[in-house]
Each structure stands twice: as structure tokens, then as C-alpha cells.
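Structure first, commentary second.
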Amino acid sequence: MSLDLTYRSLVLSVAGNPRVEALIKGRARSLVRRYVAGESLEEALAVAEGLEREGVHAILDLLGEMVRTEAEARAFQGRILELVFSLAERPWPKYISVKPTQLGLDLSEGLALELLRGILREAEPRGVFVRLDMEDSPRVEATLRLYRALREEGFSQLGVVLQSYLYRTEKDFWDLLPYRPNLRLVKGAYREPKEVAFPDKRLIDAEYLHLGKLALKEGLYVAFATHDPRLIAEIRRYTEAMGIPKDRFEFQMLYGVRPEAQKALAREGYTVRAYVPYGEDWYPYLTRRIAERPENLFLVLRSLLGG
Ligand code: FDA
């Protein structure tokens with residue numbers, strides 16, 4: 001396994017320890033502020049408004065995942081509907097992300113389907129696009145089933161995510177193709193065993209470009225969700241060389257990561273969206289950001305040491 005991936009795996013496993021969680025929750029405030037828009041919907045909408053002024057659109061994401069009771073899943077649905085209703089009144093592009101386990105996927109696929117359907121029924125007529133985030137590999141199959149079921153029911157404003165680190169992804173891509181999905185392509189953020197995911201960052205990057213070009217060649221609309229300057233440069237070069245217009249794809253990044261690059265791409269006429277998470281359940285999201293970037297671990301360690 002490459003050094004990058006060993007680091008990530010280590011951080012994600014240590015972060016799962018309750019004592020580490022309590023320690024980080026108490027001391028990582030500045031890092032939280034950098035990556036999370038706030039705890040309330042109002043704070044998230046204010047951040048989205050600020051991004052809009054810079055030419056960057058927002059993907060609003062109510063933080064929360066892996067719920068353990070039906071009541072929690074239903075409460076999340078209620079708060080996501082509140083988000084949909086507030087967005088409907090805004091003049092800017094309306095776009096949210098939801099996680100299947102936030103809506104009870106681990107309890108029952110039927111429950112997640114019902115709650116997601118309820119969100120889409122309100123979102124579609126209000127012009128709100130819903131992206132179904134992709135979680136770790138044991139949940140991929142069920143997530144793809146949810147996506148297909150809802151598309152077959154006739155919902156069109158629903159997007160899916162594929163992760164280039166999984167060996168299975170190219171097959172998933174071909175299986176999804178008849179649905180003409182609006183595709184978000186990511187490298188993948190979870191701790192995965194080498195039996196299911198490429199153990200080497202270079203292979204993950206190569207697969208990312210391979211899948212992205214395939215999707216563009218097949219005429220899909222692709223959201224390239226990455227901060228990687230090398231991959232972004234290659235996608236730009238490729239689309240220009242192939243005469244693929246800028247309205248056939250977009251770039252997505254996370255709020256707080258490379259904000260200047262986000263604005264610069266938007267100024268050049270690319271569609272750019274920033275993923276804007278908000279809510280109280282920020283810990284798992286933050287640990288994935290620490291796992292992606294050793295500098296973030298140093299910031300946490302410094303604050304733990306009182307620096
Ligand atoms: P990677 O982490 O390999 O970094 C490559 C380079 O990018 C770095 O060398 C550096 O130059 C730059 N960079 C990266 N992070 C930086 C930072 N914090 N500050 C400055 N520069 C930085 N994952 C998933 O499994 N399911 C999902 O549904 C989603 N959804 C999603 C939506 C959006 C909008 C984004 C941007 C990402 C996701 N992800 C995700 C996360 C994704 O899988 C991945 O973990 C992160 O995007 C990090 O990978 P990168 O492609 O940015 O490259």
C-alpha cells in the first residue's frame with residue numbers, strides 16, 4: 001500500500017476510538033470552522049450566498065450518517081425537507097447532497113427508499129437537484145439499487161457518485177449507462193481493504209482519468225469532484241482537445257479547500273460547485289478531511305498541545 005493510503009487508513013482507524021473522538025471534538029474548532037459552514041441552516045445559506053457572489057455555486061449538505069434508529073432517519077428527512085423549502089426561495093442554482101445511511105439505509109433499504117422518495121417529491125417540482133453521496137464499499141450495491149429504483153419511478157433530478165478507488169467501479173459505470181446518469185466522479189474517501197480498492201494512489205488517479213474520459217465520450221454530464229491540480233489540468237486539456245463544451249461537465253470541490261482555485265475556474269467560465277456541509281454531526285466528515293491531508297493532522301495536534 002502506498003504511504004498516502006497507509007496514512008489515511010491509520011487516521012480513519014484511530015479517529016474511530018471514542019477517546020480520540022472526545023479529544024478532537026473539544027479541540028478542533030478552527031479546523032471545523034474551515035471546513036464546515038456552521039451548525040444551522042441559516043449559517044449554511046449565508047455561506048452559499050457568499051460563494052454565489054464569487055461565481056461558485058453551492059451544494060448544501062446536512063451532516064449526518066450511519067443513523068441507528070428510524071426516528072433519527074425520519075428526523076433527518078424532516079431537516080432535509082426544511083433545506084429544500086428554504087432553497088426553493090433562492091434565486092441561485094439549487095443543489096443538495098444526501099447520504100443513504102443518513103436516511104436509514106443500515107436499518108432497512110425500504111426505509112431509505114421511502115425517505116429519499118419523499119425528498120425527491122418535494123425537491124423536483126422546486127428545481128432542487130439531489131445528489132446521492134456514495135459511502136463505503138459495503139453500501140455501494142444498495143446505494144446503486146436506490147438510485148436505479150428512483151430513476152425507474154421517473155425521478156430525473158437525482159445524481160449518483162462513482163469512486164475511482166474501487167475495482168468494481170468500471171463495471172458499475174457500464175451497468176448505470178442505460179440510465180444516462182448525471183455522474184459525480186470522486187477518488188473515494190473511506191478506509192477500504194486492498195481486496196476491494198486499488199492500494200496505490202497512482203492507480204486511483206489513472207482510473208479517475210480513465211473513467212472520466214469514458215463518461216465524457218459516452219456523452220454523460222460529469223461532475224469532476226477533485227482538488228487535484230494535475231487531474232483538473234488533464235481534464236481541461238482533454239475537453240479542449242476533444243471540443244467538449246464547458247456545459248457538458250463541471251468541477252466540484254469542498255468548501256474551505258482551494259477556494260482561490262474554485263474562483264479562478266469559475267472566472268474562466270467553468271461551472272464550479274462547492275460542497276457546503278453544515279450541522280452538528282461534523283466529526284466523521286472532519287476525520288475524512290484529516291485523513292486526506294497530513295497538514296490537517298498537524299493543526300489538530302498543535303491545538304491539542306495548546307498551540
Ligand atoms: P487528493 O486527496 O489525492 O489530493 C490531490 C491534491 O489535491 C493534493 O496533492 C493537493 O494538491 C490538492 N488538495 C487536496 N486536498 C487539499 C486541501 N485540503 N487543501 C489544499 N489542497 C488540497 N468521496 C466519497 O467517497 N463519496 C462521495 O460521495 C464524495 N463526495 C465528494 C464531493 C465533492 C464535491 C468532493 C470535492 C469530494 C467528495 N468526496 C467523496 C471525497 C473524495 O473521494 C476525496 O476523498 C477528496 O476529494 C480528496 O481527493 P482529491 O481528489 O481532492 O485528491
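Just so it is clear, none of the values below were taken in a lab; they were calculated from the coordinates. All values reported here derive from a predicted model rather than from experimental measurement. As a convention, Cβ positions derive from the backbone with ideal geometry for all residues, glycine included, and neighbour counts pool all protein chains shown.
Some points to look at:
- Partner aspartates and glutamates whose Cα lies under 19 Å from the Cα of Lys263, excluding those fewer than 8 positions away in the same chain, are identified as Glu49, Glu52, Glu54, Asp228, Glu234, Asp247, Glu250.
- Dipole-positive endmost among Ser137, Val196, Ala215 within segment 40-280 (Cβ charges, Cα centre): Ala215
- Whole-percent pair-distance distribution, where bins are 10 Å wide, for the alpha carbons of segment 182-254: 18, 54, 24, 5
- Interchain or long-range residues, amide H under 5 Å from Ile59's placed H: Ala274, Tyr275, Val276
- Estimated 222 nm signal from helices in the chain, with DSSP H stretches of n ≥ 4 weighted -39500 (n - 2.57), rounded to 500: -16000 deg cm²/dmol
- Cβ-derived FRET efficiency at R0 41 Å, Arg248 paired with Glu21, nearest 0.05: 0.45
- In Å, descending, principal axis extents of the Cα set of segment 132-246: 37, 34, 21
- Each part reduced to its alpha carbon centroid, segment 59-119 and segment 271-290 end up 15 Å apart.
- For segment 40-280, share of DSSP beta bridges that run antiparallel, in % to the nearest 5: 5 percent
- Largest mean-square fluctuation among Ala241, Ala189, Ala223, in a Gaussian network model of the chain whose springs join Cα atoms under 10 Å apart, belongs to Ala241.
- Projecting the Cα atoms of Leu113, Gly78, Gln252 onto the charge dipole of the chain (Cβ charges, centred on the Cα centre) puts Gln252 farthest toward the positive pole.
- Percent of Cα-Cα distances greater than 25 Å, calculated over the chain: 49 percent
- Vicinal HN-Hα couplings computed from phi for segment 189-201 (Karplus, 6.51 cos²θ - 1.76 cosθ + 1.60; Hz; Gly/Pro x): 10, 9, 7, 10, x, 5, 6, 10, 10, 4, x, 9, 4
- Sparse packing (at most 14 other Cβ atoms within 10 Å of the Cβ) combined with a DSSP loop state is found for the following GluC sites (Glu not before Pro) in segment 151-187: Glu153.
- Choice from Met242, Met66, Met134 with maximal GNM fluctuation in the chain (Cα, 10 Å cutoff): Met242
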